Structures are given as structure tokens and as C-alpha cells.
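One structure is given below, encoded as C-alpha cells.
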Amino acid sequence: MLFYLGFIPAFLDLSAASVVDTVVIIVIAALAVTGAKLVYAVLASRARHLFVNTRVFHAIRIIAGSLMIGVGIYLVVGARAH
């Protein structure tokens, strides 16, 4: 929460903000951060059900491994080109 509130002075003149303005800003920031974290929690809960199925989990591991190999090859080829 403090991390996000640290950006506010870059966008707003806090010397002109009243106490009510400050409270509104803090409430909006808290709701935004809480809303985002709530979405992450719901998505993680739903994703948990995918990992129970061993076939899906195996497919995810194959895809992730293939992506890592592909990125590694891309980096090696790119480094040799320069």
C-alpha cells in the first residue's frame, strides 16, 4: 500500500490537497490494490483445480519446458549474431 501511495506526489500537488482529498486518495488506492489482489486470489484458486489433473499438469510442464528451451536457443543465436 505504501509503495503505491509513494507514486501519488508525482501526479498530484499534495500541498493543495485537503484532509478529505487525502482520505479519498487513500481509500481509492486501498480499493484498487485490494481489488487487484482479490482477482489474483480467485484466479489462483481456479488454477489450483487444473494442477490436480495430472494430464493437464504434465502438459503445462511440457509447454513451459519447451518455452524455456526456445528462449535459450533464441538468446544463444542472438548473442552469436552480434
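Some notes on this structure:
- Kirkwood-based Rg to Rh ratio, the chain, C-alpha trace: 1.28
- Carbon-plus-sulfur accessible fraction, the chain (probe radius 1.4 Å, protein heavy atoms only): 75%.
The values are calculated or read from the model by the stated rules, or taken from the named source; none is laboratory data. None of the values given here were measured: they were computed from a predicted structure. With ligands, DNA and RNA removed, areas are computed over all heavy atoms of the protein, side chains included. Shrake-Rupley method; radii C 1.70, N 1.55, O 1.52, S 1.80 Å.
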